[in-house]
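The values are calculated or read from the model by the stated rules, or taken from the named source; none is laboratory data. Since we're looking at a predicted model, the values are computed, not measured. Don't worry about glycine lacking a Cβ; one is built from the backbone with ideal geometry, like all the others, and counts go over all protein chains shown.
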Amino acid sequence: MKPFQYLRARTVEEATTLYADHPGARYLGGGTNLVDLMKQGVETPGTLVDVSRLPLGEVRELPDGSVRIGAMVRNSDLAAHPLVRERYPVLSQALLAGASGQLRNAATTGGNLLQRTRCPYFQDLSKPCNKRAPGSGCGAREGVHRDHAILGHSSQCIATHPSDMAVALAALDAQVELHGRQGERTVAADAFHRLPGDRPDQDTEIAPGELVTGVLLPPAPAGLPSAYRKARDRASYAFALASAAVVLSVEDARIRYVRIAFGGVAHRPWRARRAEEALLGGAADDAAFSRALRAELAAAEPLRDNAFKVPLVRNLAHDVLTRLAAAAPRH
Amino acid sequence: MATDAFRSDVRLTVNGTVHEVTVDHRSTLLDVLREQLGLTGAKKGCDHGQCGACTVLVEGRRVNSCLLLAVAHEADEITTVEGLHGPDGDLHPLQRAFLDRDAFQCGYCTPGQICSAVGALAEAAAGSPSYVTDPGTDPAAPVGLSRDEIRERMSGNLCRCGAYPHIVEAVEDVAR
């Protein structure tokens with residue numbers, strides 16, 4: 001690992017200033033991904049600005065009923081928080097579907113959003129990768145790509161985003177709060193991560209030096225049905241082959257509200273807007289779910305070895321929709 | 001060792017003893033524990049946070065010490081497997097249970113398994129859910145540890161000898 005300076009920020013303003021004053025700096029949160037990438041030589045920062053002790057460690061309800069999650073809230077604490085468990089079960093479940101107990105105790109909300117793909121070509125300096133070394137090519141396209149994208153990939157990059165949490169945030173219409181030297185702004189979680197296009201090195205819409213300070217969840221009534229389901233190669237502690245986050249409200253046998261996001265199938269959490277539009281106002285039954293999900297997945301472009309993901313993600317989403325429809329309160 | 005742009009002094013409390021050490025910023029907590037403090041209980045298995053052999057407790061929470069930079073843990077309280085015993089030297093109930101249940105073969109993963117189990121039991125007692133906990137469970141109540149719960153909560157600790165059935169029994173003995 002390359003030697004680096006270590007600086008601890010006491011305030012958000014100090015963090016962004018230290019970052020600006022030290023070219024090649026990186027923010028350090030829980031470090032569960034960054035430290036690993038530094039060991040692999042994928043990340044070679046000259047300076048680490050430690051933001052893990054910034055006062056961004058709270059989950060708080062705001063007067064309008066929305067819930068603000070500080071960027072330094074640890075994944076385990078967020079998953080266990082009563083507000084999250086009661087109002088946003090999909091978020092708690094997605095967090096608990098990711099990583100291990102030890103990693104969730106260290107990993108932060110902000111860092112979870114900013115973690116990099118686990119594409120083996122990205123993590124191996126001896127291999128070409130347009131995300132790590134723009135212009136070097138993509139080893140995965142004709143190589144080992146069973147775990148890779150089926151939606152929205154480009155000739156440059158077929159990587160998937162590894163986060164489970166971010167899939168739930170996309171389905172919850174969350175906002176990501178950013179602080180930069182130009183001030184503060186919020187970006188919809190759904191638009192925070194990018195498709196690769198011809199800039200696969202850019203995972204997100206974040207600008208250099210901007211710090212994720214929090215995530216805002218819109219108000220949700222307790223009992224609004226939501227759930228997350230994930231398929232992986234072992235029963236626990238593995239990245240998603242595919243996953244589905246669903247929020248569903250059914251009234252008088254009609255779908256009044258629906259959000260669906262897929263994980264493990266694209267460079268970002270995939271909001272299934274076509275399926276949502278097809279379902280809204282209609283019946284919550286098998287035929288409708290099947291039609292809507294097939295319409296969404298008509299856009300899938302599976303690679304040589306991952307066509308199995310198309311029915312896999314369809315069946316996962318169908319199962320979650322079915323379960324939530326059966327549990328929907330009849331109000 | 002002098003401090004410079006790439007090295008700092010840190011104060012770590014490990015198993016109740018305060019240590020002042022100069023660390024290379026690149027040093028993980030695992031490396032400092034093993035190489036500078038002589039505490040070789042925590043093991044370097046994969047060194048990438050994938051196996052759990054390096055698990056220790058920081059401020060009472062289980063973490064992978066191979067992914068933590070020591071310099072970032074100034075003033076933190078750290079407990080390793082060497083510090084789990086009682087004041088009179090008695091083994092921790094989980095250490096006793098691992099012996100009673102023969103919950104290992106080669107033993108390399110064992111310190112991480114035991115530290116992880118200590119953390120997992122505390123999490124369940126505090127009401128923290130796992131992926132297999134019924135979402136309808138009261139958030140304020142402790143979570144009872146079925147075998148499925150133990151397997152899920154201990155999934156961050158791999159055992160290549162395959163001692164899992166006895167590890168689950170050992171954890172179950174103490175969870176009861």
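Data overview
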quantity	calculated
Condition met for residue B:155 (loosely packed, with under 15 Cβ neighbours inside 10 Å, of a type outside the set (A, V, I, L, M, F, W, C) and at pLDDT 95 or above)	no
Given (1) surrounded by fewer than 21 Cβ atoms within 10 Å (Cβ to Cβ); (2) closer than 15 Å to residue B:172 by Cβ; (3) without any contact (Cβ under 8 Å) to a residue 60 or more places away in the chain, index of the condition residue B:92 fails	(2)
Among the candidates A:183, A:143, A:152, A:197, residue that is free of Cβ contacts under 8 Å to residues at least 24 places away in the same chain and either of a type in the set (Ser, Thr, Tyr) or closer than 30 Å to residue A:308 by Cβ (or both)	A:143
Any hit, the range A:145-161, residues being of a type in the set (Ser, Thr, Tyr), surrounded by fewer than 20 Cβ atoms within 10 Å (Cβ to Cβ) and out of contact with any Leu (no Cβ under 8 Å at 6 or more places or on another chain)	yes
Positions within the range B:117-132 being crowded, with 17+ Cβ neighbours inside 10 Å, more than 8 Å from chain A (Cβ to nearest Cβ) and within 19 Å of residue A:97 (Cβ to Cβ), in sequence order	B:124
Tally of residues being away from chain B (no Cβ under 14 Å), surrounded by 19 or more Cβ atoms within 10 Å (Cβ to Cβ) and either under 16 Å from residue A:179 (Cβ atoms) or among the small types (Gly, Ala, Ser) (or both) across the range A:45-71	4
Qualifying position, being surrounded by fewer than 22 Cβ atoms within 10 Å (Cβ to Cβ), of a type in the set (S, T, N, Q) and free of Cβ contacts under 8 Å to residues at least 60 places away in the same chain, among A:92, A:76, A:126	A:126
Any hit, the range B:65-81, residues being within 23 Å of residue B:128 (Cβ to Cβ), of a type in the set (Gly, Ala, Ser) and outside the structural domain of residue B:165 (by TED's automatic domain parsing)	yes
Residue check, residue B:47 out of contact with any helix residue (DSSP H, G or I) (no Cβ under 7 Å at 6 or more places or on another chain) and among the charged types (D, E, K, R)	no
Residue list for the range A:215-230, restricted to those being more than 25 Å from residue A:314 (Cα to Cα) and surrounded by 24 or more Cβ atoms within 10 Å (Cβ to Cβ)	A:215, A:217
Test: residue in the range B:144-159 that is more than 10 Å from chain A (Cβ to nearest Cβ) and acidic (Asp, Glu)	yes
Filter result (among the basic types (Lys, Arg), out of contact with any strand residue (DSSP E or B) (no Cβ under 7 Å at 6 or more places or on another chain) and within 14 Å of chain A (Cβ to nearest Cβ)) within the range B:1-42	B:26
